[in-house]
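Only one structure is covered here, and it is reproduced in the block below.
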Amino acid sequence: MSKVAYIRVSSKDQNAGRQHQALSSYGIDRFFEEKISGKDMNRPEMKRLLDWVREGDTLYVESFSRLARNMLDLLKIVDVLTKKKVGFISLKESIDTTTPAGRLQLGVFAAIYQFERECSKERQ
């Protein structure tokens with residue numbers, strides 16, 4: 001069982017030091033880091049991470065925004081992790097899918113996203 005971290009900044013001139021510092025006390029075994037926009041899911045290190053993680057591992061991020069630009073992408077990524085039986089912890093939002101409360105919180109986020117999407121469609 002490994003503790004894995006994903007760190008992302010949007011451009012090559014940005015510094016990921018704040019994220020490293022936030023994650024430093026969690027005993028991370030492996031870091032996946034990239035300097036690329038989060039505008040889509042086509043990110044090489046994120047793909048490597050999703051291929052690499054195994055059942056029992058836990059993925060740590062400093063915040064949701066480092067992993068996904070929007071709620072739909074976040075839910076897709078967490079779905080992949082869940083199917084692989086990999087936990088997900090976001091420090092800033094205090095979400096931990098290895099606990100029942102954390103899974104409930106993420107479920108609430110998913111429900112709110114779905115509600116907003118349906119309301120938007122009705123307005124159109």
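The values are calculated or read from the model by the stated rules, or taken from the named source; none is laboratory data. It should be emphasised that the depicted structure is a prediction, and the values quoted were computed from it without experimental measurement. Cβ: placed from backbone, ideal geometry, glycine included. Neighbour counts: every protein chain shown. When the accessible area is computed, the model is the full protein with side chains, heavy atoms only, and any ligands, DNA or RNA have been set aside. Shrake-Rupley method; radii C 1.70, N 1.55, O 1.52, S 1.80 Å.
Couple of notes before you dig in:
- Rounded to the nearest 500, the 222 nm mean residue ellipticity of the chain from helices alone is -14000 deg cm²/dmol, with -39,500 (n - 2.57) taken per DSSP H run of at least 4 residues.
- For the chain, the per residue solvent-accessible surface stands at 60 Å², with DNA, RNA and ligands left out and a 1.4 Å probe.
- Gain upon complete extension [THR98, ASP73; 0.36 nm per residue less C-alpha separation]: 7.0 nm
- Put simply, the amide H of GLU93, placed in the peptide plane, has neighbours under 5 Å in PHE64, leaving out anything fewer than 5 places away on its chain.
- Residues listed by number, the stretch 42-84, amide nitrogen under 17 Å from GLN124 label point at 7 Å toward C-beta: 71-73
- With all protein chains in place and a 1.4 Å probe, the accessible surface of the chain carries 52 percent carbon and sulfur.
- From phi via Karplus (6.51, -1.76, 1.60), per-residue ³J(HN,Hα) for the stretch 73-83 in Hz, x at Gly/Pro: 4, 4, 5, 5, 5, 5, 4, 4, 4, 4, 4
- Alpha-carbon centroids, the stretch 30-47 and the stretch 10-24: separation in whole Å: 13 Å
- Filter on LYS39/LYS83; LYS3/LYS83; LYS83/LYS121 - keep pairs with C-alpha separation over 20 Å: LYS39/LYS83; LYS83/LYS121
- Taking 15 Å as the straight-line reach from the Cα of LYS76, the aspartates and glutamates in range (excluding those fewer than 8 positions away in the same chain) are ASP40, ASP51.
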